[in-house]
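A short write-up of the structure that comes next.
The values are calculated or read from the model by the stated rules, or taken from the named source; none is laboratory data. Just so it is clear, the model here is predicted, and its values are computed rather than measured. Cβ placement follows ideal geometry from the backbone for every residue including glycine, while neighbour counts extend to all protein chains displayed. SASA here: full protein model, heavy atoms, side chains in, ligands and nucleic acids out. Shrake-Rupley method; radii C 1.70, N 1.55, O 1.52, S 1.80 Å.
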Amino acid sequence: MFPGRLSDCLNVEDYRRAAKRRAHKMVFDYIDGGSDDEITRFENHTAFNDYRLKHRVLSGVDKPDMFTTIMGQKIDVPFILSPAAGNRLFHTDGEIAPATAANDVGTVYCLSTLSSRSIEDIGKLTKGPKWFQLYVWKDRVLVKEMLARAKAAGYTALILTVDFPITGNRERDPRNGFTIPPKLGLQQIWHAMNAPLWSLDYVTKPSVKYANLAEDTSAVSLNDFVAQQLSADFSWDDAQWLLGEWNGPALIKGVSRPDDAIRAVKTGFNAISLSNHGGRQLDSCLAPVHCVQEVRQAIGGDAELIVDGGIRRGTDVLKSIALGADAVSFARPYLYGLAAFGTKGAVQAVRQIRDAVERDMILAGVGKLSELDESFIRHVK
């Protein structure tokens, strides 16, 4: 049964089913899909089932303190909203929705380089903390321009995504003829007829573009765009150059190996996001939650750790922190909410995860995040 109203959605899977009902097929599959056999996409979440929580009783906790600090930024919840490209394709509200949701719960919103709302538009929208995610173009002048724009618009930290040298083999996309903006053919028209609410928005609102790029950027497949614009030979030396250009707090996103984490710390990154791009790049990767203990042991307290991928429940957040992470991040939960119900859906989806973290901290007998350690966790597989 598909949830038909926002009030029917009680968890992330409900938003997923509602998004599938409302969105064009190629849009939903772009949000939902992974690479190759989608093993990693599936296991990012199911890996949390390899751990069980050992709750504490009679702890007297009735109002847990959920705040934490990441890269010097105090946030009210132990999660941030990951960057995601082209949000206006999913719903006309676009990146306004997750930026509003982040502001609502008091956390960081991360804007994608390939956003459909500009750096400046999102910068003006909210006074809440904002970070800018960067893929590295071959044109270094363009890189410098984007960094300058982000600083001028009030973004306080840089995210360098490093697991995207080329696009993964996302087989749902070519089957659906996916592009941003869409190139309409018979297949897309048929799917549009089965998604009338999405289609009405699409034909009555301004066309979807990569808002941070030139106005004349044409509709090309994501594979072609990456091949033309991104630099697959980007190295640690280039990362060090980029940090020098930014000259501020920086997070590296896409790490899974302890040796890469050590190298990231030595290069100058303040935080590390354990991520496999939501299972959309190299398939059969380890789930991020399975990387936490090994990486934390390797780097000690020299950098903060964020688990990115598979977060669906408050217990996923608690497990990640108990294993050694400082926070988590996610995109699909708010993207499903956005695709199904616009800004209201994204805000409610994020609020529900916040409420779940609070509830689960009370049930686990945890008054503040710093109390969560390996004594609360057991590996059962």
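Suppose we filter Lys253, Lys319, Lys344 for residues that are within 24 Å of Arg22 (Cα to Cα), out of contact with any Lys or Arg (no Cβ under 6 Å at 6 or more places or on another chain) and among the charged types (D, E, K, R); which single one remains? Step through it out loud before you land on a result.
Numbers: Lys253 fails: within 24 Å of Arg22 (Cα to Cα); Lys319 fails: within 24 Å of Arg22 (Cα to Cα).
None of the other options fit; the residue is Lys344.
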Study note, to complete from the structure: Residues of the range 326-339 being open to solvent by 10 Å² or more (accessible area, probe 1.4 Å) and among the small types (Gly, Ala, Ser), in sequence order, are Ala331
Exercise for review: Return only the number of the condition from (1) modelled with pLDDT under 95; (2) farther than 18 Å from Asp355 by Cβ that Val61 does not satisfy.
Suggested key: (2)
Review point. Do we find that Ala150 is buried (at least 20 other Cβ atoms within 10 Å of the Cβ), in contact with a strand residue (DSSP E or B) (Cβ under 6 Å, 6 or more places away or on another chain) and over 15 Å from Ser82 (Cα atoms) in this structure?
Key: yes
Practice item. For Val380, state whether it is among the hydrophobic types (A, V, I, L, M, F, W, C) and either surrounded by 24 or more Cβ atoms within 10 Å (Cβ to Cβ) or within 30 Å of Asp201 (Cα to Cα) (or both). Key: no
Exercise for review: Within the range 182-200, track down each residue that is free of Cβ contacts under 8 Å to residues at least 40 places away in the same chain and assigned to a helix (DSSP H, G or I).
Suggested key: Leu186, Gln187, Ile189, Trp190, Met193, Pro196, Leu200
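Here are Pro174, Pro206, Pro165: which of them is open to solvent by 30 Å² or more (accessible area, probe 1.4 Å), within 19 Å of the chain's Cα centre (by Cα) and not hydroxyl-bearing (Ser, Thr, Tyr)? Explain how you work it out, then say what you get.
Working: Pro174 fails: within 19 Å of the chain's Cα centre (by Cα); Pro206 fails: within 19 Å of the chain's Cα centre (by Cα).
Criteria check complete, one pass: Pro165.
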Study note, to complete from the structure: Selection from the range 1-39 of residues over 13 Å from Leu338 (Cα atoms), open to solvent by 40 Å² or more (accessible area, probe 1.4 Å) and part of a helix (DSSP H, G or I) yields Ser7, Asp8, Glu13, Lys25, Ile39
Study note, to complete from the structure: Taking the range 255-280 and keeping residues open to solvent by 20 Å² or more (accessible area, probe 1.4 Å), of a type outside the set (Lys, Arg) and touching a residue at least 40 places away in the same chain (Cβ under 8 Å) leaves Pro258, Asn270, His277
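Quick one: count up the residues across the range 341-355 that are open to solvent by less than 10 Å² (accessible area, probe 1.4 Å) and part of a helix (DSSP H, G or I). Talk me through it step by step, then tell me what you get.
Narrowing the range 341-355 to residues open to solvent by less than 10 Å² (accessible area, probe 1.4 Å): 342, 345-346, 349-350, 353.
Still in the running and part of a helix (DSSP H, G or I): 345-346, 349-350, 353.
Residues flagged as open to solvent by less than 10 Å² (accessible area, probe 1.4 Å) and part of a helix (DSSP H, G or I) within the range 341-355 amount to 5.
Hey, could you check the range 45-103 for residues that are small (Gly, Ala, Ser) and part of a helix (DSSP H, G or I) and say which is surrounded by the fewest Cβ atoms within 10 Å (Cβ to Cβ)?
Going through the range 45-103, the residues small (Gly, Ala, Ser) turn out to be 47, 59-60, 72, 82, 84-86, 94, 97, 99, 101-102.
Among the residues that remain, those that are also part of a helix (DSSP H, G or I) are: 47, 97, 99, 101-102.
Numbers: Ala47: 21, Ala97: 29, Ala99: 27, Ala101: 27, Ala102: 26.
That would be Ala47.
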Exercise for review: Kindly check whether there is at least one residue in the range 124-143 that is surrounded by fewer than 21 Cβ atoms within 10 Å (Cβ to Cβ), within 20 Å of the chain's Cα centre (by Cα) and in a helix (DSSP H, G or I).
Suggested key: yes
